[in-house]
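Undergrad: Handing you this structure, nothing more for now.
The values are calculated or read from the model by the stated rules, or taken from the named source; none is laboratory data. Source: prediction; values computed, not measured. For neighbour counting, all protein chains shown are included, and Cβ atoms are generated from backbone atoms with ideal geometry for every residue, glycine included. Heavy atoms of the whole protein, side chains included, go into the accessibility calculation; ligands, DNA and RNA do not. Shrake-Rupley method; radii C 1.70, N 1.55, O 1.52, S 1.80 Å.
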Amino acid sequence: MRASRGHEANRWIGLAPSLLWLGVVLLLPLGFIIAVSFAERGLHGGVQWRFGLENYRRALDPLYFPVYARSFLMAAVTTALCLLIGYPVAYAIALRVNPRWKQALLVLSILPFWTSFLLRTYAWMFLLRAEGFVNTMLLTLGVIERPISWLLYSDFAVVVGQVYGELPFAILPLYVALERVDVRVIEAAMDLGANRRQVFWRVVVPLTRPGIITALVLVFIPSLGAFITPDLLGGAKSAMLGTVIQNQFVQRNPPMGSALSVLLILAVLALLVMAWRAAGVKARQ
Amino acid sequence: MATAISAIRVEGVTKRYGAVTALEAVSLEVERGEFLTLLGPSGSGKTTLLRVIAGLERPDEGRVYLGGADVTDLPPYRRRVHTVFQQYVLFPHLNVYKNIAFGLEQKRLPRREIERRVAAALELVRLSGYERRWPHELSGGEQQRVALARALVLEPEALLLDEPLAALDLQLRKEMQRELKRLQREVGISFLMVTHDQEEALALSDRIAVIAEGRLQQIGTPREVYENPETAFVATFLGAANVFEAEVMARENGDALLALCGRTVRVSLNGRRLEGSRAQVAVRPEKIALRARPLRKTDLVQLEGVIEERLYLGDATHWRVRVGDQSVLVTAPNRPGSRAEAFRDGQRVFLCWARESIVVLSQ
């Protein structure tokens, strides 16, 4: 009895560092944000600890709905494009290229992470702006007569920046899933009369479902709350959830920013549960 | 030749992988409803030939015909042959019903029709009631049956089987051998099976094609190939054989006079050509009798030797007998009253066999 209790205590001691880390880095700030979200804005930007639901009422005001809708739509477009581009890339690396090149190609696909995302977003600004690389090239080649104005500070630019930034998060889980697909199963499907398209949709895609769902989650969730790309690459009118939250804090309204953050977290949690369920059905295999 | 159209016809198929030649000018025909086995050691090219017929490999030279039509340039999904793979390779994300229905669904058949044919296929392989099971819940033998049903349900021109029983344990393998034979009789479809197990080949096949180093060595009924092997390789790979060197003394009327271990023996050439003054002959070990004393006035070939080793194998006894500089294998079933016990190591014995048991091999 005593021995088992001692064992129990040891287990908790072993877990202590991670629990501490979890508490300090995750739970404490989260609790703080939840608390602040129910407080009131102070006169000079501080927090008045009078609790109420005012922030949430404002957050659910139809005024904000277009922002939510836009954020959702942009995240959806980003996710769709990442899958559309990432799947063929991962497929090629996993099943088509010479095994000798696999490692190199994978490293290449995550190479951009070696510089900060902020810097890389600035690089996109240089590429896309009116007198930037893309416009200069197209002008020189005579494809266009005037610089294209919607390349930068537009939804187009935001999607480009987001897809660029999130693509590795799609490629890696897809690669892992595709790598595990048994080539003999593909051969068996072809042998049983499935052409390449049917093999893809009826064998490869179902077998890589866990990878697809992971990619969806890993791309969609950060895209929903993104603020660097919309802030730097987006137009003046294109407010998104991330930028709105950031603005609340910049404009000295932490309670409102916190309430919006809590709502975002709840939305993400709901999506995660859905994804988990969708993946869980076939997880036994 | 105006014979019936064969299910599979392979003409001069050559397949190379870089410097390695996997198949060298192989020609082969599988008749409708025939059970033909490709027998060969691993690396002999037999699986490659199966993959060429299935369309999973392109031959460098030669043509493949199915039911008389040239399919050499068709992809696997346009060929009416289906394969039972060595490790079965069921679809892990589909249950048994969906696995079997897979090919039918590609053809967009009506649902009723698919249900009916899947049920019939399951009954054929005796797995009715397994529709909702998952592949990972099945035993090796059951997976094997699903793989068979999945291919047979499409009513192929021929069924290709790549070492279908190799992954099963001995007991189950024997059972599935009978099962395969029964299935093949029942559906009447040509079976082309790859195996390295000679006993399996003998038991199941209408004809056996022995393949080695990418070349077809001999093709014929199990009896023909066993009783009259063409080369030393076939003689020793299919069953055991004693191969003797002999000197050709004379030739006449399809017979040859050979000097064999110091005796002169007249043997039938069986239509085989014999060039030069040397010949190789084979004698199966079970056709040799051991005697303690020599027979006098006999037509039998008789050699004197010394027993080197005796192996008791339960149903049979194997002896190694030293004759001159050669070690000869002799086998005999253990029957009541047989003299298996009578011969001891080191004992002087006489080996005798009938002239008809001597097979002249081609060089």
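Undergrad: For the range B:100-114, give me the residue count where each residue is assigned to a loop (DSSP other than H, G, I, E, B) and within 8 Å of chain A (Cβ to nearest Cβ).
TA: 1
Undergrad: Also, I was wondering about something else. Considering (1) more than 18 Å from B:Q217 (Cα to Cα); (2) modelled with pLDDT of 95 or more, say which one B:T3 fails and leave the rest.
TA: Result: B:T3 fails condition (2) only.
Undergrad: How many of the residues in the range B:16-31 are open to solvent by 60 Å² or more (accessible area, probe 1.4 Å) and farther than 25 Å from B:Y226 by Cβ?
TA: 6
Undergrad: Here's another thing I want to ask about it. Where in the range A:1-119 are there helices (runs of 4 or more DSSP H), lying wholly inside it, with at least 2 residues that are open to solvent by 100 Å² or more (accessible area, probe 1.4 Å) and closer than 18 Å to A:E166 by Cα?
TA: A:65-91
Undergrad: Can you find a residue in the range B:152-175 that is within 24 Å of A:R197 (Cα to Cα) and out of contact with any strand residue (DSSP E or B) (no Cβ under 8 Å at 6 or more places or on another chain)?
TA: Within the range B:152-175, one or more residues are within 24 Å of A:R197 (Cα to Cα) and out of contact with any strand residue (DSSP E or B) (no Cβ under 8 Å at 6 or more places or on another chain).
Undergrad: Right, something else. So which strands (runs of 3 or more DSSP E) are wholly in the range B:168-246 and hold at least 3 residues that are surrounded by fewer than 21 Cβ atoms within 10 Å (Cβ to Cβ)?
TA: Of the strands (runs of 3 or more DSSP E) lying wholly inside the range B:168-246, those with at least 3 residues that are surrounded by fewer than 21 Cβ atoms within 10 Å (Cβ to Cβ) span B:215-220.
Undergrad: Can you tell me which condition A:G142 does not meet? The list is (1) within 14 Å of another protein chain (Cβ to nearest Cβ); (2) without any contact (Cβ under 8 Å) to a residue 60 or more places away in the chain, and all the others hold.
TA: The single condition A:G142 does not satisfy is (1).
Undergrad: Shifting gears a bit: Tell me which residues, restricted to the range B:85-109, are of a type in the set (V, I, T) and modelled with pLDDT of 95 or more.
TA: B:V96, B:I100
Undergrad: From B:T221, B:T264, grab the single residue that is free of Cβ contacts under 8 Å to residues at least 60 places away in the same chain, more than 26 Å from the chain's Cα centre (by Cα) and over 30 Å from B:R16 (Cβ atoms).
TA: Numbers: B:T221 fails: more than 26 Å from the chain's Cα centre (by Cα).
Among B:T221, B:T264, only B:T264 is free of Cβ contacts under 8 Å to residues at least 60 places away in the same chain, more than 26 Å from the chain's Cα centre (by Cα) and over 30 Å from B:R16 (Cβ atoms).
Undergrad: Search the range B:76-94 for residues being open to solvent by 30 Å² or more (accessible area, probe 1.4 Å) and under 13 Å from A:A188 (Cβ atoms), and hand back the single one that is farthest from the other protein chains (Cβ to nearest Cβ).
TA: B:Q86
Undergrad: Give all pairs with beta carbons closer than 7 Å in which a residue from the range B:337-363 that is small (G, A, S) meets a residue that is at pLDDT 85 or above and part of a helix (DSSP H, G or I); count only pairs at least 6 apart in sequence or on separate chains.
TA: Pairs found: B:S357/B:K287.
Undergrad: Quick one: is A:F169 free of Cβ contacts under 8 Å to residues at least 24 places away in the same chain and either part of a helix (DSSP H, G or I) or over 28 Å from B:I100 (Cα atoms) (or both)?
TA: When the stated conditions are applied, A:F169 does not pass them.
Undergrad: Condition first: at positive phi and touching a residue at least 24 places away in the same chain (Cβ under 8 Å). Now tell me which residues in the range B:267-307 satisfy that.
TA: Scanning the range B:267-307 gives B:N270, B:G276.
Undergrad: Here is a further query. Looking at (1) among the β-branched types (V, I, T); (2) within 14 Å of another protein chain (Cβ to nearest Cβ); (3) surrounded by fewer than 16 Cβ atoms within 10 Å (Cβ to Cβ), find the lone condition where A:V185 falls short.
TA: So A:V185 meets the others, but not (3).
Undergrad: Check off (1) open to solvent by less than 40 Å² (accessible area, probe 1.4 Å); (2) facing another protein chain (nearest Cβ under 9 Å) for B:P59 and give me the number that stays unchecked.
TA: (2)
Undergrad: Do any strands (runs of 3 or more DSSP E) lying entirely in the range B:259-349 carry at least 2 residues that are basic (K, R) and either open to solvent by 70 Å² or more (accessible area, probe 1.4 Å) or modelled with pLDDT of 90 or more (or both), and which ones are they?
TA: Filter on the range B:259-349 gives B:263-268, B:316-323.
Undergrad: Right, next: Does the range B:125-142 include one or more residues that are within 11 Å of chain A (Cβ to nearest Cβ), open to solvent by less than 20 Å² (accessible area, probe 1.4 Å) and modelled with pLDDT of 90 or more?
TA: yes
Undergrad: Please specify each residue of the range A:205-223 satisfying the condition of being among the hydrophobic types (A, V, I, L, M, F, W, C), within 11 Å of chain B (Cβ to nearest Cβ) and either crowded, with 20+ Cβ neighbours inside 10 Å or under 17 Å from A:L264 (Cα atoms) (or both).
TA: Correct list: A:L207 only.
Undergrad: Can you confirm whether the range A:246-254 contains a residue that is in contact (Cβ under 8 Å) with a residue 40 or more places away in the chain and either assigned to a helix (DSSP H, G or I) or aliphatic (A, V, I, L, M) (or both)?
TA: yes
Undergrad: Another question about this same structure. Contact list please: Cβ distance under 8 Å, first residue in the range A:106-134 and closer than 25 Å to A:G235 by Cα and small (G, A, S), second residue in a helix (DSSP H, G or I) and open to solvent by less than 50 Å² (accessible area, probe 1.4 Å), pairs at least six apart or on different chains.
TA: Pairs that qualify, where the first residue is closer than 25 Å to A:G235 by Cα and small (G, A, S) and the partner is in a helix (DSSP H, G or I) and open to solvent by less than 50 Å² (accessible area, probe 1.4 Å), are A:A130/A:L151; A:G132/A:M125; A:G132/A:L151.
Undergrad: Please go through (1) within 14 Å of chain A (Cβ to nearest Cβ); (2) surrounded by fewer than 19 Cβ atoms within 10 Å (Cβ to Cβ); (3) under 22 Å from B:G45 (Cβ atoms) for B:D73 and return the number of the only condition it doesn't satisfy.
TA: B:D73 satisfies every listed condition except (1).
Undergrad: Sort through A:A177, A:A194 and tell me the only one that's under 30 Å from B:A147 (Cα atoms), touching a residue at least 24 places away in the same chain (Cβ under 8 Å) and open to solvent by less than 30 Å² (accessible area, probe 1.4 Å).
TA: Working: A:A194 fails: touching a residue at least 24 places away in the same chain (Cβ under 8 Å).
That would be A:A177, the only listed residue that is under 30 Å from B:A147 (Cα atoms), touching a residue at least 24 places away in the same chain (Cβ under 8 Å) and open to solvent by less than 30 Å² (accessible area, probe 1.4 Å).
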